[in-house]
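The values are calculated or read from the model by the stated rules, or taken from the named source; none is laboratory data. The shown structure was predicted, so the numbers you read here are calculated from the model rather than taken from an experiment. Please note: Cβ atoms are built from the backbone with ideal geometry, for glycine as well, and neighbour counts cover all protein chains shown. Accessible surface is based on the protein model in full, side chains and every heavy atom, while ligands, DNA and RNA are left aside. Shrake-Rupley method; radii C 1.70, N 1.55, O 1.52, S 1.80 Å.
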Amino acid sequence: MSNQVSAVDDILSEYQGLEAQLADPELHNDPAAARRVGKRYSQLQPIIRVHDELSAVKGDLEAAREMAHEDAEFAAEADRLAERQVELEEKLADLLAPRDPHDADDIVMEIKSGAGGEEAALFAGELARMYQRYAEKHGFVTEVLGLSESDLGGVKDMTLSIKSKQPSADGAWSVFKFEGGVHRVQRVPVTESQGRIQTSAAGVLVYPEPDEIEAVEIDDKDLRVDVYRSSGKGGQGVNTTDSAVRITHLPTGIVVTCQKERSQIQNKARAMQVLAARLQQQIEEAADAEAAEGRAAQIRTMDRSERIRTYNWPENRVSDHRIGYKSNNLDSVLNGGLEDLFTALQTAERNARLEAE
């Protein structure tokens, strides 16, 4: 309990400091710094709200217990307040539990069709729509940064940005971080004339997007920048100018494209942000892998080639292989109904973190 009191004291002190910074007009001359301070302030607000209510309930409970000696009605009120105190203490403990430091971050997601040709590309497109629908329902904004389509309108390669509409401790990373890996589909493809079930796959990459590119050092001489004409399926031009940008980071071989913006300068700036996010993730994964040596594997493995989930059409079933989760509501899941699955993954991660502590 003393550890919790100490943690709350530290947060109260930080919160007051952030409040003072936000009230200083000087801060708002630096938009990046103001955004950073505002984001952290928003993250701490849920803890402050629960702490303030808990303090008020404790005071009311003490008064109700004193009054209960003279008036029996206050005894019932004291019982109600005692129950509320326990609820708030548990809620505060949960808010103070160790968290992934990136949980509040926005993300970049890449979806790539794998083995299975046209069928894999159609499935990759369905995964993209699934994430977009979930995002719409839960206060996130999605933006397609780059897209390469197949002849039947499937997704060969897509890069998406997913951001919170409002800063929150539960940002896009807290939800979508579990999606990195290989997603497998079992169904009769539209391209199959014999009615045979086929297994295809799509790969998903997810990484937090840093607030500033400066967070990662990128040397210009390590980059090859190619400019080309944006194209939709079948090669038709989306823009009439060569404004799409492809950046190759030579030391790592990472390739990033952006064709969303109308101007080459804007596309290059956005592609640099995505590259910074990829490099930052690579650095952190290497550090995590080193720290995890000799320790049990965590819920969200660093091995991107791992098959994490199977979508079985004939049985309307979704199976997540990391936590043994199964549900027979594939149609709902593909329509963005990922709530139960994400809750199960978050619970498993939280339990793993508490055990590690």
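Values for this structure:
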{"quantity": "nm² value of the averaged projected area, convex hull over the Cα atoms of segment 100-201", "calculated": "6.7"}
{"quantity": "Highest average packing first - 178-186, 32-40, Cβ atoms within 10 Å", "calculated": "178-186, 32-40"}
{"quantity": "Over the chain, relative contact order from alpha-carbon pairs under 8 Å, at least 6 apart, %", "calculated": "15"}
{"quantity": "Net charge dipole size for the chain [Lys, Arg +1 and Asp, Glu -1 on Cβ; Debye, nearest 20]", "calculated": "2180"}
{"quantity": "Relative contact order [Cα under 8 Å, 6+ residues apart], segment 90-176, whole percent", "calculated": "40"}
{"quantity": "Cα centroid separation, segment 122-173 to segment 318-357 (Å)", "calculated": "19"}
{"quantity": "Long-range tail of P(r) for segment 23-122 (Cα pairs > 21 Å, %)", "calculated": "63"}
{"quantity": "For the chain, with +1 on Lys and Arg beta carbons and -1 on Asp and Glu, the positive-most of Ile111, Gln16, Gln280 along the dipole", "calculated": "Ile111"}
{"quantity": "Packing rank of 271-277, 118-124, 99-105, where each peptide gets the mean count of other beta carbons within 10 Å, highest leading", "calculated": "118-124, 271-277, 99-105"}
{"quantity": "Solvent-free Debye scattering, log10 I(q)/I(0), computed from the Cα coordinates of the chain at q = 0.07, 0.09 Å⁻¹", "calculated": "-0.40, -0.63"}
{"quantity": "Label-point separation, Asp52 to Ile218 (7 Å along Cα→Cβ), nm", "calculated": "4.0"}
{"quantity": "In nm, spacing of pseudo-spin labels at Leu27 and Lys137 (7 Å Cα→C-beta vector)", "calculated": "3.6"}
{"quantity": "Value of relative contact order over segment 14-122, rounded to a whole percent, pairs C-alpha under 8 Å and six or more apart", "calculated": "19"}
{"quantity": "List Lys177, Lys58, ordered by accessible area with a 1.4 Å probe, largest first", "calculated": "Lys58, Lys177"}
{"quantity": "Magnitude of the charge dipole, segment 36-110, Cβ model with Lys/Arg +1 and Asp/Glu -1, debye to 20", "calculated": "480"}
{"quantity": "Phi-based couplings in Hz for segment 314-328 (Karplus 6.51, -1.76, 1.60; Gly and Pro marked x)", "calculated": "x, 9, 6, 10, 10, 10, 9, 6, 6, 10, x, 7, 9, 8, 9"}
{"quantity": "Spin-label pair Arg317/Ala72, simplified geometry with 7 Å Cα→Cβ offset, distance in nm", "calculated": "5.9"}
{"quantity": "Too-long pairs where the Cα-Cα distance tops 20 Å, listed order kept, from Lys39/Lys165; Lys39/Lys163; Lys137/Lys165; Lys112/Lys326; Lys112/Lys260", "calculated": "Lys112/Lys326"}
{"quantity": "Which of Ser55, Ser243, Ser42, positive extreme of dipole for the chain (C-beta unit charges)", "calculated": "Ser243"}
